[in-house]
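Structure first, commentary second.
Nothing in this text is a laboratory measurement; each read-out follows from the coordinates by a stated rule. Note that the structure is predicted; figures quoted are calculated from it, not measured. Virtual Cβ from ideal backbone geometry, glycine too; neighbours counted across all protein chains shown.
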Amino acid sequence: MAGKRSDIDGMTEKDILILAVESSCDETAAAVVKNGRQVLSNVIASQIDIHTLYGGVVPEIASRKHMEKINQVMEEALRQAEVPLKDIDAIAVTYGPGLVGALLVGVSAAKAVAFASGLPLVGVHHIEGHICANFIDHEELEPPFHALVVSGGHTHLVKVMDYGCYEIMGRTRDDAAGEAFDKVARAIGLGYPGGPKIDKLSAEGDPEAIAFPRAKVEDSIYDFSFSGLKSAVLNYLNSCEMKGEQINRADVAASFQKAVIDVLVEHSMEALRNTDEKNFALAGGVASNQHLRAAMQKACDERGIRLYCPLPVYCTDNAAMIGVAGYYEYLKGVRHGWDLNAVPNLKLGERL
């Protein structure tokens, strides 16, 4: 199996069990992962219902809910995995990027458990976790490959050179794709979370009904910009309202979504054009969007590229992906001290 300890550093093969913690935004999660590829448990306490009341994530509320749930989800993850804490080899935890208060809850809890049990502590980058989610159901996938990370806070086009070794080829200059989904969904009255609701409503609309713009960044063919598209949708809605014209929400959703997807696919394929790599991975919450998956699959098929996508449960924030990333960091000898802190703006590839 790819990723076994002996495959990477030549040491005696031994099953490695990671207890992982994720609390970067509004999901309190814990998981037990074996050998970086096998998920023994994946417990998620979602806060969607309460944040829906406010139309988006309220950081203070998220932090308080994490404090209420963090111990429960860790205990439940160990129980479901049927693994006692004494058999765990390391504690992995997301320490950035994310909401600082939310991150602090997870980091503090992970440090407490690691200190009390004498286990190594491994801090994990949240985006790295999203990329590593692809290893869970695709045992054959190994670096190098390219990946597109699309979520509420991030849009990154990444070259995965090795486990834990990344080169950022492109990123958003303003709004992330998922953020644009949420804002447009709110504007047309769909509410929060916007991504899944727009994806569903788009199936009823005409993606060619409205000509929304596809922005390009002049000095970087791989970078993204979605603020202009978001503004174009808002201007269209305001114009219709001022003229007394009826708004077809499904057409707006479908046309907006197609504009986003066209840019994501075009930039991804451009990144692969001058390489010999034949593997491409989607990651992040928006990777569960069925229209994006279909469009990316079509583009990859046309170019002889193998597309990898995590299961939907591993696209949104979860601790299993943190356990996978933590496993490979653990094998490389990464250890963090008790001074590990939350880093809300942590860059991919940056280490403390």
Worksheet item: Top mean-square fluctuation among ASN289, ASN248, ASN42, Gaussian network model of the chain, C-alpha springs under 10 Å?
Response: ASN248
Worksheet entry | Inter-centroid distance (Cα atoms) of the stretch 18-51 relative to the stretch 67-113, Å | 8 Å
Discussion item. What are the ³J(HN,Hα) couplings of the stretch 269-275, residue after residue, when phi is run through the Karplus curve with 6.51, -1.76, 1.60 and θ = phi - 60°? Round to Hz, x for glycine and proline.
Written reply: 5, 5, 5, 8, 4, 9, 10
Worksheet item: Amide H neighbours of ASN279 under 5 Å, counting only residues 5+ apart in sequence or on other chains, H built in-plane at 1.01 Å?
Response: HIS146, ARG306
Response to the item:
Rounded to the nearest 5, the percent of DSSP beta bridges in the stretch 143-310 running antiparallel is 60 percent
Worksheet item: Over all Cα pairs of the chain, how is the pair count split among 20 Å bins, expressed in % and running from 0 up to the last occupied bin?
Response: 31, 56, 13, 0
Worksheet item: Can you give the angle from 0 to 90° between the axis of helix 100-117 and the longest principal axis of the chain, with both taken from C-alpha atoms, to the nearest 10?
Response: 20 degrees
Practice prompt. Between GLU277 and LYS200, with labels modelled 7 Å along Cα→Cβ, what's the label distance in nm to one decimal, could you check?
Written response: 3.5 nm
Practice prompt. Can you tell me the 0 to 90 degree angle between the C-alpha axis of helix 177-187 and the longest principal axis of the chain, rounded to 10?
Written response: 50 degrees
Discussion item. Quick check on the chain: of the DSSP beta bridges with both residues there, what percent are antiparallel, nearest 5%?
Written reply: 60 percent
Discussion item. Explain nothing, just compute: Karplus ³J(HN,Hα) = 6.51 cos²θ - 1.76 cosθ + 1.60, θ = phi - 60°, for every residue of the stretch 244-255 in order, whole Hz, x for Gly and Pro.
Written reply: x, 8, 6, 9, 8, 4, 5, 5, 4, 4, 5, 5
Response to the item:
HN-Hα couplings for the stretch 320-334 via Karplus (6.51, -1.76, 1.60; θ = phi - 60°), in whole Hz with x for Gly/Pro, come out as 4, 5, 5, x, 5, 4, x, 4, 5, 5, 4, 5, 7, x, 6
Discussion item. What does the C-alpha gyration tensor say about the overall shape of the stretch 39-100? Classify as rounded when a/c is under 1.5, otherwise prolate if a/b is larger than b/c, or oblate.
Written reply: prolate
Response to the item:
note: the stretch 204-352, Cα-Cα separations exceeding 21 Å make up a percent value of 61 percent
Worksheet entry | Computed helical MRE - 222 nm, the chain, DSSP H runs ≥ 4 contributing -39500 (n - 2.57), nearest 500 | -13500 deg cm²/dmol
Worksheet item: So how many Lys-Lys pairs in the stretch 143-310 land under 24 Å Cα to Cα, not counting same-chain pairs under 8 apart?
Response: 22
Practice prompt. State the answer as a single residue: which of GLY170, ILE91, GLY152 lies farthest towards the positive end of the charge dipole of the chain, with beta carbon charges of +1 for Lys and Arg and -1 for Asp and Glu, about the Cα centre.
Written response: ILE91
